[in-house]
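Working notes, structure below.
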Amino acid sequence: MKINSLSLPHPVLGIEDDVRGSYTVDFQVELDKEKISFKVKQNVINRTLKTLIDSKKAVFTIEVNCYQTFYRKSFLNSEENYVIEIPSVHLRNKVVVYFYITAAQDLPEYQIDEANEDYSGYKFDITKGDVLAYGGSTTFNAPKDWQALMAVTSFMQIEEYDKPEGPLQFVLTQDKVVVQMSQNDYKRYNEYKGAKNLYPIFHGSFVFAALLHALYNMNASGESAETDWYQALDDRLKTEERFKGLDVKQIEHIPEIAQKLLDNPIYRELVGIKNIIETANQEGE
Amino acid sequence: MSYQNLFRSTYVEKLKSNLKNNNGEAYLSSTFRHEEKEVLENTTISTEYPELIMPEANNNHDFENAKIIFDTYKEMTPVQATDVRIWTYLTHVTYWEYMQKRRPVHEQQEQKRVSYILQHWFIENLNSSNLMRNDISLLWWAAYLTYDQDRENPYELTEELFSMLDYTRHLLPGTQGRSRNFVQALLEFVIENKDIFKNYKESKVRFLMRKANYVSGYKNFPAIPKGTIKAIFRQYINEIEKVQNSPEDDLLKEDT
């Protein structure tokens with residue numbers, strides 16, 4: 001339900017200059033293995049609506065939409081501050097939340113304080129469910145793998161392809177960014193992947209390259225926009241403080257974004273190489 | 001009882017790539033050979049891989065098969081049911097023979113073959129429309145959205161849903177269709193007014209949906225109970241009775 005571009009039959013707070021006043025919502029999301037919680041704080045500045053809510057004739061209405069799981073449900077409450085909990089098995093990836101105040105019952109001859117003069121003298125027959133105020137919308141990402149959001153493995157995996165030798169390839173149409181190695185490279189990688197002192201080398205080489213490729217793809221086209229990795233990265237870029245001022249749509253920002261996501265991979269790679277050399281030297285002495 | 005198999009995601013990509021390179025030749029065959037090393041097991045989903053009823057010339061048995069699939073996978077969560085790897089495994093392995101009969105590839109024009117197979121054997125981009133196109137995923141999601149355990153026959157609304165292609169092609173993937181409450185109210189309304197919908201049903205339901213979309217501009221449908229939604233539909237009964245097939249609706253009809 002997108003109403004901000006429509007002109008409704010009756011005056012609605014939050015739509016253009018229909019009604020003076022405000023309806024604002026502070027909305028916070030908490031992800032958990034079992035449930036997704038929304039902490040909602042609402043504030044209405046309009047006498048008519050406040051009176052209707054106090055008398056249970058109107059309700060705060062929070063509509064939650066998830067396009068991948070056929071989820072569309074409204075939560076009604078007359079409290080300004082409350083918590084909504086949804087089992088996490090119902091939401092995946094992009095979730096859109098709309099904020100309304102709706103009529104909890106029919107309201108014949110409805111008039112609202114502070115309505116635009118255009119509505120002066122008019123009365124409206126409101127019926128149950130009609131929107132009386134619109135507080136905007138927000139989106140967030142409900143990752144399938146909520147536990148490992150910060151780990152590289154949450155958005156990237158390494159596989160082999162069916163040729164003995166060949167260049168590294170990247171697949172961006174899957175849930176994770178897939179780094180594909182030739183059979184021999186993959187075999188070599190498997191021999192070393194248990195050695196933790198080599199992780200910075202891996203991060204500074206093919207992981208960094210794959211991430212740059214993925215970020216440039218986010219910049220260039222929307223082909224991967226519905227994948228889990230895209231939405232997980234998009235959500236992190238929008239919500240984490242350290243990405244403030246950086247925009248993946250600006251090509252010059254991408255190298256910095258990639259390095260922040262991998263926590264300075266080049267520095268860590270160089271330090272990693274230094275440590276390996278020093279250890280080898282010590283063993284040789 | 002065994003656990004649910006699924007393909008590795010890279011194998012799903014490989015199958016798509018092979019499909020495009022070979023113009024779907026493999027899908028003309030009565031058997032499909034997959035690579036066993038590309039199969040994973042989801043140990044949180046148990047299954048007996050039930051047999052489906054084979055489609056016949058005058059009956060696809062979609063409703064009966066939706067019951068079979070949903071009865072088997074009733075405990076599957078919506079997030080699990082968005083796993084494209086499971087549905088791709090089922091169309092290619094468990095229900096290969098069923099798919100051959102349900103979607104006869106050889107009847108398709110050669111230039112449309114690849115997109116036809118991508119739509120019905122795979123889920124290209126994960127969204128509600130494509131979940132309704134994969135023929136096994138469709139059976140689960142259609143039943144999930146319409147199953148009502150409070151009814152004497154919990155599958156009554158599912159049966160109505162499969163009575164007309166328009167419901168699964170246009171109603172369910174749309175904004176209103178994501179609300180189970182709305183979908184069930186609409187299907188109940190059609191069932192409760194059989195006489196009105198006995199002819200021109202497709203056009204009449206489309207008319208009702210157009211009205212509902214208009215009303216949804218100022219009314220929050222998910223905020224109101226089924227009874228109130230049906231009362232809104234009832235306001236249009238006189239207009240619905242006058243609806244006949246429109247050329248615009250005929251244009252929108254698709255293959256079954």
B:Arg33 fails exactly one of (1) more than 14 Å from every other protein chain (Cβ to nearest Cβ); (2) basic (Lys, Arg); (3) touching a residue at least 12 places away in the same chain (Cβ under 8 Å), namely (3)
Of the listed residues (B:Ile53, B:Ile68, B:Ile45), the one being in a loop (DSSP other than H, G, I, E, B) and either modelled with pLDDT of 90 or more or surrounded by 17 or more Cβ atoms within 10 Å (Cβ to Cβ) (or both) is B:Ile53
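Yes/no per residue for (1) more than 24 Å from B:Tyr214 (Cα to Cα); (2) free of Cβ contacts under 8 Å to residues at least 24 places away in the same chain:
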| residue | (1), (2) |
| --- | --- |
| A:His10 | no, no |
| A:Leu49 | yes, no |
| A:Ser55 | yes, yes |
| A:Ile62 | no, no |
Among the residues of segment B:131-148, are any part of a loop (DSSP other than H, G, I, E, B) and either β-branched (Val, Ile, Thr) or under 16 Å from B:Leu6 (Cα atoms) (or both)? yes
Inside segment B:56-83, the number of residues satisfying the requirement of being within 14 Å of chain A (Cβ to nearest Cβ) and within 19 Å of B:Arg103 (Cα to Cα) is 0
Those residues of segment A:59-114 which are assigned to a strand (DSSP E or B), within 11 Å of chain B (Cβ to nearest Cβ), hydroxyl-bearing (Ser, Thr, Tyr) and open to solvent by 20 Å² or more (accessible area, probe 1.4 Å) amount to A:Tyr71
A careful count of residues in segment B:12-27 that are of a type in the set (Gly, Ala, Ser) and either part of a helix (DSSP H, G or I) or modelled with pLDDT of 90 or more (or both) gives 2
Counting only helices (runs of 4 or more DSSP H) entirely within segment A:119-237, those with at least 2 residues that are out of contact with any helix residue (DSSP H, G or I) (no Cβ under 9 Å at 6 or more places or on another chain) and free of Cβ contacts under 8 Å to residues at least 60 places away in the same chain are A:183-192, A:208-220
Listed by first then second residue, the pairs whose first member lies in segment B:163-178 and is facing chain A (nearest Cβ under 8 Å) and part of a helix (DSSP H, G or I), whose partner is among the aromatic types (Phe, Trp, Tyr) and open to solvent by 30 Å² or more (accessible area, probe 1.4 Å), with beta carbons under 8 Å and at least 6 positions apart or on separate chains, are B:Arg178/A:Tyr67
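The values are calculated or read from the model by the stated rules, or taken from the named source; none is laboratory data. In this text the structure is predicted, and so the values were computed from the model without any measurement. Reconstructed Cβ throughout: ideal geometry from the backbone, glycine too, with neighbour counts over all protein chains shown. Just so you know, the surface numbers come from the protein's heavy atoms only, side chains and all, with ligands and any DNA or RNA stripped out. Shrake-Rupley method; radii C 1.70, N 1.55, O 1.52, S 1.80 Å.
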